[in-house]
1. When the chain is treated as a GNM, springs tying every alpha-carbon pair under 10 Å, which of Asp153, Asp121, Asp18 comes out with the largest mean-square fluctuation?
2. Using the number of other C-beta atoms within 10 angstrom as an exposure proxy, rank Lys278, Lys426, Lys372 with the fewest first.
3. If you take every residue apart from Ala417 with its C-beta less than 11 Å away from the C-beta of Ala417, what net charge results, scoring Lys and Arg +1 and Asp and Glu -1?
4. For Cα pairs less than 8 Å apart in space and 6+ apart in sequence, what is the mean separation divided by the residue count of the chain, i.e. the relative contact order in percent?
5. Give me the one-decimal nm value for the distance between modelled label points at Arg297 and Arg2, 7 Å along each residue's Cα-to-Cβ direction.
6. About the Cα centre of the chain, how large is the charge dipole given +1 on each Lys and Arg Cβ and -1 on each Asp and Glu Cβ? Please answer in debye to the nearest 20.
7. For segment 4-76 and segment 194-243, what is the separation of their Cα centres, given in Å?
8. Give the separation of the Cα centroids, segment 353-427 to segment 84-129, in Å.
Amino acid sequence: MRLLIKGGRVIDPANGVDEILDIFVRDGIIADLKKVFGPVEQGIKAIDATGKTVVPGFVDMHVHLREPGYEEKETIETGCLAAAAGGITTVACMANTLPVNDNASVTRFILERAKAVGSLDVLPVGAVSKGLRGEELAECGPMKEAGVVAFCDDGNPIMDSGLMRRALECSRKWGLPILSHCEDLGLTRGGVMNEGDLSRELGLKGIPHAAEEVMVVRDIMLANLTKGKLHICHVSTAGSVELIRRGKAAGVQVTAETAPHYFTLTEEAVREYGTNAKMSPPLRTVLDQKAIKEGLRDGTIDAIATDHAPHEAASKDVDFSRASNGIVGLETALPLTLGLVDEGVLSMEAAIAKFSINPSKILGLNKGTLSKGSSADITIFDSNRGFVVEKAKFRSKARNTPFDGWKLKGVVELTIAGGRIVYQGKD
């Protein structure tokens with residue numbers, strides 16, 4: 001397919017581009033970018049992007065697709081449909097499936113299944129430990145050969161410091177990052193929300209900030225020791241932001257992400273949205289939210305990832321203490337991130353970088369750019385168009401979101417993956 005995207009505001013942070021351009025796509029590749037192309041030739045599909053923003057297809061480095069094993073929550077197919085609707089063209093899927101992606105055969109299954117039913121690039125993340133039990137390293141070498149792009153026990157922290165050290169040594173050997181879920185189980189066990197006045201008022205067991213922060217500092221120290229590549233997942237506290245900032249200043253190979261819910265919501269959401277505000281790590285305070293925004297602004301936090309965690313209704317429509325952690329995020333990430341632009345926290349270019357070239361670099365991918373010759377992964381959106389979030393219309397199988405009914409701005413109008421139109425919104 002040949003496409004000509006005409007007259008859009010093209011923003012490509014990887015190349016410092018922010019101007020009105022036409023983009024010509026041929027055979028799945030960005031063939032050229034020009035101020036104006038001539039008349040559209042026969043056989044070329046013209047796309048009028050006037051007044052719209054044209055950016056690299058988003059790279060979400062933290063997604064739970066649930067397949068294999070938990071297809072009642074989400075499948076690779078429905079997760080890809082949801083991602084495409086959110087302007088996302090590349091997803092890195094976590095290993096906490098059933099069976100766990102701790103060996104090359106599961107990795108190959110995910111890749112083959114994605115090729116058969118998906119429309120996007122699905123990149124498996126392999127488990128650090130066998131069975132996510134935190135006791136023995138998984139088969140890192142064979143998984144890398146099979147196609148994983150990182151290692152992570154997300155959903156379970158690696159409590160054994162010796163095992164984490166060996167994982168980071170493997171990171172150095174294989175050149176793939178360790179994505180760390182920072183949680184001290186001795187401090188979180190039984191906790192269901194942020195520890196503080198609100199948890200005491202609601203009679204819910206709290207999780208202190210220290211539960212995340214003590215593991216962040218441990219992992220930064222181990223990364224410094226091993227010279228491995230460390231990435232901190234879903235940063236939620238001001239203390240974690242400061243620790244990561246200091247680690248970077250000291251020259252440690254550490255990067256970090258946060259999710260839209262951590263800069264959009266605080267612990268007060270528990271009062272209003274109930275179990276749809278329950279997640280791990282928990283929503284924190286206004287001061288933490290402010291620190292996360294500053295961390296995004298100054299580059300301490302490199303990337304924005306959704307931590308898309310779909311659940312069937314039965315997992316959420318229960319007592320708060322028994323409800324599953326997490327919310328869906330693929331279809332609301334862009335407008336929530338654009339809220340940071342409206343607030344003046346990030347420029348449009350910086351916001352796009354957090355969701356494209358930055359996660360691409362962390363994972364060592366040739367993605368997140370509109371460079372000539374690169375894969376034609378392109379998202380077109382209207383940053384000024386408002387809409388109301390309607391969870392009933394989500395492409396995801398799941399509906400566990402606190403944002404239902406919210407009025408947001410930023411509508412994805414077209415998503416192109418590898419030169420193919422994989423999502424086209426309706427006016």
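Where a number appears in this text, it was derived from the coordinates with a stated rule and is not lab data. Here the structure is a predicted model, which is why all the values come from computation and not from measurement. As a convention, Cβ positions derive from the backbone with ideal geometry for all residues, glycine included, and neighbour counts pool all protein chains shown.
1. Checking each option, the largest mean-square fluctuation is seen for Asp18.
2. Numbers: Lys278 24, Lys426 4, Lys372 13.
Least crowded to most crowded, the residues run Lys426, Lys372, Lys278.
3. Summing Lys/Arg as +1 and Asp/Glu as -1 gives 0.
4. Relative CO of the chain lands at 20 percent.
5. In this crude spin-label approximation the distance works out to 4.8 nm.
6. Rounded to the nearest 20 debye, it is 700 debye.
7. 36
8. When both Cα centres are located, 18 Å separates them.
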